[in-house]
Amino acid sequence: MKDSIQTNPFVVGRYISDRYFCDRKEETALLLKHIENGRNVALISPRRMGKTGLINHCFGQTQLEGFHTFFVDIYATTSLTELVYLLGKAIYEELRPKNRTWIDRFLRTVSSLRMGVRFDPTTGEPSLDISLGDIQAPQTTLDEIFQYLETADRPCVVAIDEFQQIGNYAENNVEAMLRTRIQQCRNTLFIFAGSRRHLMSNMFNSAAKPFYQSAVTMGLQPIAPDVYAAFASKMFTDYGRTVKDGVAQNVHKRFDGCTWFVQMVMNELFAMTPPGGSCGEDMVDTALHNVIISQESTYKELLTNIAPKQKLVLQAIAREGMARNITSGAFIKKYSLTSASSIQAAVKSLLKTELVTQDGDAYRVYDYFLAYWLAYEY
């Protein structure tokens, strides 16, 4: 995508170019260092902190021009078959801009996917038209994919986002099977990115787990407020607007520096500021309201699909912000809850569905916008 058609510089949910990427200089240098020195990496941080953007940013750097890079997001997968399907598709889509020789070699090596190739009758261009049902033997197809990567003309880097999902797969021993195959790779490096910190840490740091010490662990913290403020000021200035001191810091603080939420509100603030205009702190609440209202129907639908006791606990945690001692008598009385045992059961379910996240002894609603909406509505 060309910069000239990017009308709002506060990009949300995707990576465009260095121009719209804020800082992460140290993290970029460290991740590149690991790759250049042949180390697999476990990149662990909360969702929407910018892991995907960092990976794509690194993939675009000149230091990796000598590598083939592939990215696959397995957040929605529930089986090895789905993982293999997405991995094969991601590699094929990356090859499409290259010449036909690349595709032919891929199909010769990954022969189990050959049935899913269709050719455009006009241009003769191939496309991969497969479904999950076309993958009859996922381990065989996975072996073929790894064989292709291992015989590539350049080293390969495969980034697998939300890697902790493999722990929930229907098949047994997926972790052990993948670890064995990855351990045998000589031409391929892996970035295992994950947002469920306790699951990822257990996977890579527990001696009882197959992936124990198979990758260097790397975290991702919020961008410093002053660094983000300087970035925001530059974006406004570059697009013929100004933002007053304190605005970006205010937004950053409200969302604990969580990149996606900060960017979303700054995107709305930029949209509210006319060319030649100035964005002030008096606009922040309106911008936040606009963003939350756009999600209101989704949030209402969400609440209809959770049990009443879970809903009450979710609302209580939202109103508290960072909720501690949630089974105490004081917390129960403050929010008219029933009992400590019912709270424990509700929180267990809310954590499993990721509506709530835990940091030490504190709980908060994962989606900051949902938390604001709940606190406002209830």
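The values are calculated or read from the model by the stated rules, or taken from the named source; none is laboratory data. Just so we're clear, the structure is a prediction, and the values are computed from it rather than from any experiment. A quick note on method: Cβ atoms are made from the backbone with ideal geometry, for glycine too, and the neighbour counts reach across all protein chains shown. When the accessible area is computed, the model is the full protein with side chains, heavy atoms only, and any ligands, DNA or RNA have been set aside. Shrake-Rupley method; radii C 1.70, N 1.55, O 1.52, S 1.80 Å.
Brief remarks follow.
- Considering (1) touching a residue at least 60 places away in the same chain (Cβ under 8 Å); (2) within 24 Å of residue 267 (Cβ to Cβ); (3) of a type in the set (Lys, Arg), the lone condition that residue 19 does not fulfil carries the number (1).
- Qualifying residue in segment 326-348 (condition: in contact (Cβ under 8 Å) with a residue 60 or more places away in the chain, part of a helix (DSSP H, G or I) and among the aromatic types (Phe, Trp, Tyr)): no
- Subset of segment 52-82 (residues that are open to solvent by 10 Å² or more (accessible area, probe 1.4 Å) and in a helix (DSSP H, G or I)): 52, 53, 56, 57, 59, 62, 63, 81, 82
- Identity of the residue in segment 348-375, open to solvent by less than 10 Å² (accessible area, probe 1.4 Å) and among the aliphatic types (A, V, I, L, M), that ends up farthest from residue 256 (Cα to Cα): 350
- Residue match in segment 250-265 (condition: β-branched (Val, Ile, Thr), in contact with a helix residue (DSSP H, G or I) (Cβ under 7 Å, 6 or more places away or on another chain), open to solvent by 10 Å² or more (accessible area, probe 1.4 Å) and at pLDDT 95 or above): no
- Among residues of segment 266-289, those that are open to solvent by less than 40 Å² (accessible area, probe 1.4 Å), in a loop (DSSP other than H, G, I, E, B) and either more than 25 Å from residue 375 (Cα to Cα) or among the β-branched types (Val, Ile, Thr) (or both), counted: 2
- Members of segment 313-370 that are closer than 23 Å to residue 296 by Cβ, of a type in the set (Phe, Trp, Tyr) and touching a strand residue (DSSP E or B) at 6+ places or on another chain (Cβ under 9 Å): 366
- Condition met for residue 75 (over 22 Å from residue 223 (Cβ atoms) and touching an Asp or Glu at 6+ places or on another chain (Cβ under 6 Å)): yes
This table checks each residue for (1) under 23 Å from the mean Cα position of the chain (by Cα); (2) closer than 26 Å to residue 354 by Cα.
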site	(1), (2)
193	yes, yes
207	no, no
214	yes, no
235	no, no
247	no, no
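- Inter-residue pairs, beta-carbon under 6 Å, first assigned to a helix (DSSP H, G or I) and in segment 22-36, second open to solvent by 10 Å² or more (accessible area, probe 1.4 Å) and modelled with pLDDT under 95, 6+ apart: none
- Qualifying position, being open to solvent by 20 Å² or more (accessible area, probe 1.4 Å) and under 30 Å from residue 232 (Cα atoms), among 344, 310, 295: 295
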